[in-house]
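The values are calculated or read from the model by the stated rules, or taken from the named source; none is laboratory data. The model shown is predicted, which means the values in this text are computed figures rather than measured ones. Cβ coordinates were reconstructed from backbone atoms using ideal geometry, including for glycine residues, and neighbour counts include every protein chain displayed.
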Amino acid sequence: MNRDDLQLLHHLQAIDSAIDRNMQLLATADDGTAAKKKLEEEKARLEELQEKLREKQAHQRKLALDLEGIEAEQQEKSDRAYGGMVSDPKELSALEKKIAELGRNAERHEDMILELLEEIDEVERQVEEQQETVDQLSREHERIVADYEAGTSEAREEIEQLRQRREELVGEIDRSLCSQYEQLRERLDGVAVATLVNGTCQVCHVAVPRARWSMITRGKTVIKCENCRRILVAPDEE
Ligand SMILES: [Zn+2]
């Protein structure tokens with residue numbers, strides 16, 4: 001390890017802090033996740049209503065078909081009863097009874113069909129309304145995502161570039177120094193390196209004993225701030 005390693009580490013810290021700042025910016029921007037969740041919920045509700053509508057329509061078609069069958073039987077029995085073919089009064093009376101029963105059944109079906117048609121109207125109205133809600137939320141979600149893309153594109157590009165530079169830099173730094181740095185960064189809120197300026201740690205602003213200054217400037221060993229435990233580096237003269 002030498003002085004250059006510490007300078008590179010100082011540079012790495014600057015890059016990591018810049019990445020962290022940009023990440024923070026992205027984390028607080030609305031990327032449309034909440035709007036998407038709401039949209040999915042309303043879409044599911046729309047599908048439920050559409051399914052309900054299909055069920056009612058199928059039920060109505062079935063009742064209409066049954067009614068046709070009842071009416072056909074009614075017609076056939078009437079033709080027989082009043083076509084002059086039946087002379088037995090008992091048979092005639094039984095037929096009339098059956099015709100009356102079919103008539104009541106047909107009426108019941110008509111009532112049920114009317115009721116269902118009203119329900120279908122209502123559900124169709126609900127489907128239409130829900131479709132409007134879904135369309136509106138879908139536009140809202142698209143708008144938020146577009147805003148997010150536009151508002152954060154700079155930060156995302158910067159992160160991309162910083163990460164590339166970081167990767168190159170890490171390859172140049174002493175490996176054990178690097179892993180020390182990573183561990184410190186985890187413990188110390190992302191800041192593992194502090195500069196020494198005018199004998200003071202520039203992160204916690206506590207004075208560093210004069211006896212250590214030259215060691216820090218030489219950079220042969222890792223010297224940490226006794227107060228905040230960060231690796232101290234002497235900034236480049238330029
Ligand atoms: Zn300190």
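Of all residues in segment 216-226, none are within 42 Å of the chain's Cα centre (by Cα) and either more than 12 Å from the ligand (Cβ to nearest atom) or β-branched (V, I, T) (or both).
For (1) β-branched (V, I, T); (2) in the same structural domain as Y148 (by TED's automatic domain parsing); (3) free of Cβ contacts under 8 Å to residues at least 12 places away in the same chain; (4) surrounded by fewer than 16 Cβ atoms within 10 Å (Cβ to Cβ), each residue gets a yes or a no:
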residue: L9; (1), (2), (3), (4): no, no, no, no
residue: L12; (1), (2), (3), (4): no, no, no, no
residue: I15; (1), (2), (3), (4): yes, no, no, no
residue: R21; (1), (2), (3), (4): no, no, yes, yes
residue: A35; (1), (2), (3), (4): no, yes, no, no
residue: K38; (1), (2), (3), (4): no, yes, no, yes
residue: E41; (1), (2), (3), (4): no, yes, yes, yes
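Within segment 196-215, the residues that satisfy the criterion of being near the ligand (Cβ under 10 Å from one of its atoms) and either touching a helix residue (DSSP H, G or I) at 6+ places or on another chain (Cβ under 8 Å) or in a strand (DSSP E or B) (or both) are L196, T200, C201, A207, V208. If you go through segment 167-188 one residue at a time, do you hit one that is in a loop (DSSP other than H, G, I, E, B) and within 16 Å of the ligand (Cβ to nearest atom)? Scanning segment 167-188, I find at least one residue that is in a loop (DSSP other than H, G, I, E, B) and within 16 Å of the ligand (Cβ to nearest atom), so the answer is yes. For segment 15-37, which positions are out of contact with any Phe, Trp or Tyr (no Cβ under 8 Å at 6 or more places or on another chain) and more than 17 Å from E160 (Cβ to Cβ)? Within segment 15-37, T28, T33, A34, A35, K36, K37 meet the criteria.
Working only within segment 1-39, note down all residues that are assigned to a loop (DSSP other than H, G, I, E, B) and among the hydroxyl-bearing types (S, T, Y).
Of all residues in segment 1-39, those assigned to a loop (DSSP other than H, G, I, E, B) come to 1-2, 29-32.
If the condition is that a residue be assigned to a loop (DSSP other than H, G, I, E, B) and among the hydroxyl-bearing types (S, T, Y), then no residue fits.
Mind listing just one residue for me: the one in segment 209-234 that is in contact with a Lys or Arg (Cβ under 7 Å, 6 or more places away or on another chain) and surrounded by 15 or more Cβ atoms within 10 Å (Cβ to Cβ) and, of those, nearest to G199 (Cα to Cα)?
First pass over segment 209-234, keeping only residues in contact with a Lys or Arg (Cβ under 7 Å, 6 or more places away or on another chain): 218-219, 223-224, 230-232.
Still in the list and also surrounded by 15 or more Cβ atoms within 10 Å (Cβ to Cβ): 219, 223-224, 230-232.
On the way: G219: 15, I223: 13, K224: 13, R230: 15, I231: 14, L232: 11 Å.
Looking at residues that are in contact with a Lys or Arg (Cβ under 7 Å, 6 or more places away or on another chain) and surrounded by 15 or more Cβ atoms within 10 Å (Cβ to Cβ), I get L232.
All of (1) at pLDDT below 95; (2) not assigned by TED's automatic domain parsing to the domain that holds A18 hold for A211 with one exception: (2).
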